[in-house]
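Before we start, here is the structure in question, set down as structure tokens.
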Amino acid sequence: MSSTTTTSLPVIVIGAGPVGLASAAHLVERGLEPLVLEAGDSVAAAVRQWAHVRLFSPWQFNVDAAARRLLEEAGWQEPAPKRLPTGGELVSDYLEPLARTAALQGRIVTGARVVAVSRDGLDKTHGRGRAERPFLVRATVDGEVVDYRARAVIDASGTWSQTNPLGTAGLPALGETDAASFLLGPLPDVLGRDRERAAGKHVVVVGAGHSAANTLLSLAQLRRAEPGTRVTWLVRGSSVERAYGGGDADGLPARGMLGSQLRRAVEAGEVELMASATITAMRPVGDRLELTLTTREGECRLAVDAVAGATGFRPDLAMLRELRLDLDPGVEAPSRLAPLIDPEFHSCGTVPAHGADVLAHPEPDFYIAGMKSYGRAPTFLLATGYEQVRSIVAQLAGDSAAASTLELALPETGVCSTATPVVEADGSLSIAPEAAGDCCGAPAEPALIGFPTGFAHGRTAL
């Protein structure tokens, strides 16, 4: 196939979440043809799974610039810029209208699960002429296998479907598969959809990140309404100070308050903390689940009703097996990005702006963007993904200067901004204007998850 024919093919974007749809918006703006393949039955299928969770950041930082321009052409009214949306509002007030724009409608295929990406006629062992061959993207659509061809591929499929196991050493605990009916997932809606599975029950939350904090605070609120509810927080490390975060000094104030509220819930006895504890086995016993734990005091057993595993995510790399990738062996991110995001050394506020050059692989015109580009690192911010795809699309359009010009200011997790969440007259949350003398000189950038929806009057009701 000639290079002329190859360049006439679309750029396939895998995933119709915030970063995937932003990719499509930038492609349209650059005169390139996007084709978005979304595994779910609708756009933003993963976001809908945590629709009940409120974001850390206000609307003004959760909308991609190219997407905003497309929406404004369609007469879209942007939500109040200082308000903090929920995941559900992000979908209904931004992502769904974006998918319906004339520019993107008809360029998104839902129910299309990508199972493999390769080069047309070549497996990964063949290098000669590889760059001139189109990509072959195989997907299952309505139960049928469909092959698509593309001039370039942007994998923005995220990591939501690939949760880390609850056991140690990166492996499932013994019996974890058999315990599936007791597992609530990483961000259960315990105040709504999953209330019956948690109310009056003993629920264990495993993990020390923001997903765990959200679930713990929601469970603490449920405990007030349902006194029989017991909440245990299981942490592998010996300290939870990192989970408590920077408090009032956090550059994303909603994130800082999340940690502060969690600290108070533990101190008040609403949440029972078990540090230096790991799950080594699980065994259903009647209508309960018996956990075998290894603690500092030795082995013990704990009977519970449900487990929320907030242990993070990992990328699905199986579908990329026939591509020539350059991934860090530890973080599983592009090798040039990995040192910049390694969670042992960096928070989301210390990650520098990066684009096409850092995200490139030995496979020409293939990029992993968004949360999946971070591999196993949990420090991804939505604004980072928007800047990634702006740069990637510029590179695909032949504008190397724009691709290498990166602009992104992210807040530190400890000291940055004095802005605070407030409750508006209609009950919605917003961010108060930053006080003069902000030490960062830049506004807070968005993260994907933040407060439970039970947040009220400047704090989460416990």
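How many of the residues in the range 277-291 are open to solvent by less than 50 Å² (accessible area, probe 1.4 Å) and free of Cβ contacts under 8 Å to residues at least 24 places away in the same chain?
1
Across the range 176-195, what is the total count of residues that are open to solvent by 40 Å² or more (accessible area, probe 1.4 Å) and not in a loop (DSSP other than H, G, I, E, B)?
Of the residues in that region, 6 qualify.
Scan the range 155-175 for residues that are among the aliphatic types (A, V, I, L, M), in a loop (DSSP other than H, G, I, E, B) and either open to solvent by less than 10 Å² (accessible area, probe 1.4 Å) or touching a residue at least 40 places away in the same chain (Cβ under 8 Å) (or both) and report the count.
3
Next question, about the same structure. Quick one: is G88 open to solvent by 20 Å² or more (accessible area, probe 1.4 Å) and assigned to a helix (DSSP H, G or I)? Show your work before the answer.
Details: open to solvent by 20 Å² or more (accessible area, probe 1.4 Å): yes; assigned to a helix (DSSP H, G or I): yes.
Yes: the conditions hold for G88.
Continuing with the same structure: Within the range 240-276, track down each residue that is surrounded by 22 or more Cβ atoms within 10 Å (Cβ to Cβ), modelled with pLDDT of 90 or more and outside any helix (DSSP H, G or I).
Once the filter is applied, which keeps residues that are surrounded by 22 or more Cβ atoms within 10 Å (Cβ to Cβ), modelled with pLDDT of 90 or more and outside any helix (DSSP H, G or I), the range 240-276 yields only V271.
Inspect all residues belonging to the range 107-130 and state whether any of them is touching a strand residue (DSSP E or B) at 6+ places or on another chain (Cβ under 8 Å), open to solvent by 20 Å² or more (accessible area, probe 1.4 Å), touching a residue at least 40 places away in the same chain (Cβ under 8 Å) and farther than 20 Å from I12 by Cβ.
No - not one qualifying residue is present in the range 107-130.
Can G143 be described as closer than 25 Å to A318 by Cα, of a type outside the set (D, E) and in contact with a strand residue (DSSP E or B) (Cβ under 7 Å, 6 or more places away or on another chain)?
Answer is no for this residue.
Further question: Give me the pairs, please: first residue somewhere in the range 85-97 and more than 14 Å from P58 (Cβ to Cβ), second residue anywhere and open to solvent by less than 10 Å² (accessible area, probe 1.4 Å) and at pLDDT below 95, beta-carbon distance under 6 Å, and either six or more positions apart or on two chains.
G87/V53
Yes/no matrix, rows are residues, columns are (1) open to solvent by 40 Å² or more (accessible area, probe 1.4 Å); (2) out of contact with any strand residue (DSSP E or B) (no Cβ under 8 Å at 6 or more places or on another chain); (3) within 27 Å of T292 (Cα to Cα); (4) not in a loop (DSSP other than H, G, I, E, B):
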{"residue": "L95", "(1), (2), (3), (4)": "no, yes, no, yes"}
{"residue": "L136", "(1), (2), (3), (4)": "no, no, no, yes"}
{"residue": "V153", "(1), (2), (3), (4)": "no, no, no, yes"}
{"residue": "R197", "(1), (2), (3), (4)": "yes, no, yes, yes"}
{"residue": "V205", "(1), (2), (3), (4)": "no, no, yes, yes"}
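Could you run through the range 137-149 and say how many residues are within 26 Å of the chain's Cα centre (by Cα) and hydrophobic (A, V, I, L, M, F, W, C)?
3
Quick check on my filter: what residues within the range 295-329 are without any contact (Cβ under 8 Å) to a residue 60 or more places away in the chain and in a strand (DSSP E or B)?
Selection gives T295, G298, E299, C300, R301, L327.
Return yes when L136 is touching a Ser or Thr at 6+ places or on another chain (Cβ under 6 Å) and over 26 Å from A275 (Cβ atoms) and no when it is not.
Yes; evaluated as a whole, the condition is true for this residue.
Results for (1) within 30 Å of G129 (Cβ to Cβ); (2) in a loop (DSSP other than H, G, I, E, B); (3) open to solvent by less than 20 Å² (accessible area, probe 1.4 Å); (4) in contact (Cβ under 8 Å) with a residue 60 or more places away in the chain, shown as yes or no for each residue.
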site: V331; (1), (2), (3), (4): no, yes, yes, no
site: P339; (1), (2), (3), (4): no, no, no, no
site: D357; (1), (2), (3), (4): yes, no, no, no
site: Y367; (1), (2), (3), (4): yes, no, yes, yes
site: S373; (1), (2), (3), (4): yes, no, yes, no
site: T379; (1), (2), (3), (4): no, yes, yes, no
site: A383; (1), (2), (3), (4): no, no, yes, yes
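Take L9 and tell me if it is outside any loop (DSSP other than H, G, I, E, B) and out of contact with any Gly (no Cβ under 8 Å at 6 or more places or on another chain).
no
The values are calculated or read from the model by the stated rules, or taken from the named source; none is laboratory data. These numbers come from a predicted model, not from an experiment. Don't worry about glycine lacking a Cβ; one is built from the backbone with ideal geometry, like all the others, and counts go over all protein chains shown. Only protein heavy atoms, including side chains, enter the accessible area calculation; ligands, DNA and RNA are left aside. Shrake-Rupley method; radii C 1.70, N 1.55, O 1.52, S 1.80 Å.
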